[in-house]
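Q: Below: one structure in structure tokens.
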Amino acid sequence: MRAWVTIVLMVFLLIGLFVSEGLARRTYLTPEQKTQLDKIQTIRIHVLALTERGKVDGTAIEDIVRQRLGELGYTVATNRDEPFDVMVNVKCEEQKKWAGTTRAGGDADHIDAPARLWKGPACLFSYLLDGRDLGWYKEARTTFEDPGQAAKAANAPQSGPFAIQQLAERIRTFDFPVMLAAEWGHDNRLLQLLKNPQTLNKRKLKILSLLPQVGSNEAIPYLKAMLNDEELAEEAIVALSASGSDSIPLLTEIFQKDPHTNIRAAAAKALGEVGARTGDPDITPPLLEYLKENLKNMKTAEDINFPILTEVVWGLGKLRNEKSIPPITQLQTKVWLIYDTSKEMEELREATNWTYKQIDMDGQIQ
């Protein structure tokens, strides 16, 4: 009986760990819909601009949206009779009325998702495939929540047009095209931007944060070139996990040989992500070796490299391996015996407790 319970618990654990936001969202799509998303090229835009006094002209917003989608090579349909692959809706409001959540989880779990408590100016991005809303929502907001006060401070005659104008400026920098490309699985477009030397680092960082969601198998050559860029290196290493098992040798080498703490911590995190997505056991040996070596001389907090060890522990918890149980059990004892009230120790204890519960399932059932 215990064996069956263990198997059931492992299934739920693996589901929770292996499925990222983007991959989870695509699980309910039909094969036909996935194929349609992969082939999207022509986009039709529908913009709705609303103030507290009613609808206003949204041409300025539409022009910005068209221009920004063109940056990724998409074609925007300008004629109502022109065929299109998908419709992108942009609803901008002086004071947001929409207060729901995404279908694929609470809005707090999703980057750039609609904020439930925000009531100020906002633009909601969504799309329709064959007239069907697939539950993808992203929200751009102004820096101010009260449009009346903001308009008065700027000597604007009316708060509505002022709020819409400010939203238009916000859309110039809000990277919805990159988010859409990631949602649709267009890794080729994202990788072209990474390769372009004129792409700003801020945009590259955004792309790197989304590559694991896309599950790209062609990211390694581009990401390796960024490892020497101090501003991009950490994000590039974590994004390498998008390449799955193919990235393990490079990530292991970085983790074991790089002299910088932040880089090694990022490599440990990426190895854990690969393990969570693929179940590849090759991620465990380097992490486990690091933990065992550190346990030998761990007597005080000064003996702990918190950034690296914390990521190592999180990583071990993302792929159950019975060999991890003894050292994690030993670590759990040590982190509570060592007197340290720092935030770093608090985070390490949290990671240790979580990982222990994941890998010692038989002990939890008893």
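The values are calculated or read from the model by the stated rules, or taken from the named source; none is laboratory data. Please read all numbers here as calculations on a predicted model, not as lab measurements. Methodologically, a virtual Cβ is constructed for each residue, glycine included, from the backbone with ideal geometry; neighbour enumeration extends over all protein chains shown.
Q: Output the number of the condition that residue 283 fails; it satisfies all remaining conditions of (1) surrounded by fewer than 23 Cβ atoms within 10 Å (Cβ to Cβ); (2) in a helix (DSSP H, G or I).
A: Residue 283 satisfies every listed condition except (1).
Q: Further question: Identify the residue in region 47-98 that is in a strand (DSSP E or B) and not aliphatic (A, V, I, L, M) and, among all such residues, is farthest from residue 151 (Cα to Cα).
A: Looking only at region 47-98, we keep the residues that are in a strand (DSSP E or B), and these are 47-51, 54-56, 75-76, 86-93.
Filter once more, keeping what is not aliphatic (A, V, I, L, M): 51, 54-55, 75, 89, 91-93.
Details: 51: 13, 54: 17, 55: 18, 75: 35, 89: 26, 91: 21, 92: 17, 93: 15 Å.
Result: 75.
Q: Within region 109-125, work out how many residues are surrounded by fewer than 17 Cβ atoms within 10 Å (Cβ to Cβ) and under 22 Å from residue 185 (Cβ atoms).
A: Total satisfying the criteria: 2.
Q: Looking at region 227-262 only, could you name the residues that are of a type in the set (S, T, N, Q), at pLDDT below 85 and part of a helix (DSSP H, G or I)?
A: Taking region 227-262 as the starting set, the residues that turn out to be of a type in the set (S, T, N, Q) are 228, 241, 243, 245, 247, 252, 256, 261-262.
Filter once more, keeping what is at pLDDT below 85: 228, 241, 243.
Passing the criteria: 241, 243.
Q: Return the residues of region 340-356 that are assigned to a helix (DSSP H, G or I), of a type in the set (D, E, K, R) and more than 23 Å from the chain's Cα centre (by Cα); say none if nothing qualifies.
A: Of region 340-356, the ones assigned to a helix (DSSP H, G or I) are 343-356.
Keeping just the survivors that are of a type in the set (D, E, K, R) gives 343-344, 346-347, 349-350.
Passing the criteria: 343, 344, 346, 349.
Q: What are the pairs, 6+ residues apart or on separate chains, where a residue within region 60-73 that is at negative phi has its Cβ under 7 Å from a residue that is small (Gly, Ala, Ser) and part of a helix (DSSP H, G or I)?
A: What qualifies is 60/168; 61/168; 64/168; 72/181.
Q: Taking the condition free of Cβ contacts under 8 Å to residues at least 12 places away in the same chain, more than 20 Å from the chain's Cα centre (by Cα) and within 22 Å of residue 240 (Cα to Cα), does residue 280 pass? If you could, list the steps in order and put the result at the bottom.
A: Working: free of Cβ contacts under 8 Å to residues at least 12 places away in the same chain: no; more than 20 Å from the chain's Cα centre (by Cα): yes; within 22 Å of residue 240 (Cα to Cα): yes.
No: the conditions fail for residue 280.
Q: Separate question: Residues 302, 322, 311: which one is among the charged types (D, E, K, R) and under 25 Å from residue 210 (Cβ atoms)? Steps first, please.
A: Working: 302 fails: under 25 Å from residue 210 (Cβ atoms); 322 fails: under 25 Å from residue 210 (Cβ atoms).
Criteria check complete, one pass: 311.
Q: Filter region 73-120 for residues that are more than 26 Å from residue 42 (Cα to Cα), among the acidic types (Asp, Glu), at pLDDT below 85 and touching a helix residue (DSSP H, G or I) at 6+ places or on another chain (Cβ under 8 Å) and give the result.
A: Residue satisfying the conditions is 109 alone.
Q: Now for a separate question. Right, residue 171: touching an Asp or Glu at 6+ places or on another chain (Cβ under 9 Å), outside any strand (DSSP E or B) and among the aliphatic types (A, V, I, L, M) or not?
A: Working: touching an Asp or Glu at 6+ places or on another chain (Cβ under 9 Å): no; outside any strand (DSSP E or B): yes; among the aliphatic types (A, V, I, L, M): yes.
So residue 171 fails the test.
Q: Scanning region 143-181 for residues that are closer than 30 Å to residue 41 by Cα and of a type in the set (S, T, N, Q), which turns out nearest to the chain's Cα centre (by Cα)?
A: Filtering region 143-181 down to residues closer than 30 Å to residue 41 by Cα leaves 164-181.
When the remaining residues are screened for being of a type in the set (S, T, N, Q), the result is 165-166, 173.
Working: 165: 29, 166: 26, 173: 18 Å.
Taking the candidates together, the pick is 173.
Q: Moving on. Answer yes or no as to whether residue 135 is touching a Ser or Thr at 6+ places or on another chain (Cβ under 9 Å) and not in a loop (DSSP other than H, G, I, E, B). Before the answer, list the steps.
A: Details: touching a Ser or Thr at 6+ places or on another chain (Cβ under 9 Å): yes; not in a loop (DSSP other than H, G, I, E, B): no.
When the stated conditions are applied, residue 135 does not pass them.
Q: Just one of (1) assigned to a loop (DSSP other than H, G, I, E, B); (2) surrounded by 13 or more Cβ atoms within 10 Å (Cβ to Cβ); (3) not small (Gly, Ala, Ser) trips up residue 193, so point out which.
A: Tallying (1) assigned to a loop (DSSP other than H, G, I, E, B); (2) surrounded by 13 or more Cβ atoms within 10 Å (Cβ to Cβ); (3) not small (Gly, Ala, Ser), residue 193 fails exactly one: (1).
Q: Now a separate question. Tell me which of these residue 166 doesn't satisfy, since it passes every other one: (1) out of contact with any Ser or Thr (no Cβ under 6 Å at 6 or more places or on another chain); (2) free of Cβ contacts under 8 Å to residues at least 60 places away in the same chain.
A: Of everything listed in (1) out of contact with any Ser or Thr (no Cβ under 6 Å at 6 or more places or on another chain); (2) free of Cβ contacts under 8 Å to residues at least 60 places away in the same chain, residue 166 misses just condition (1).
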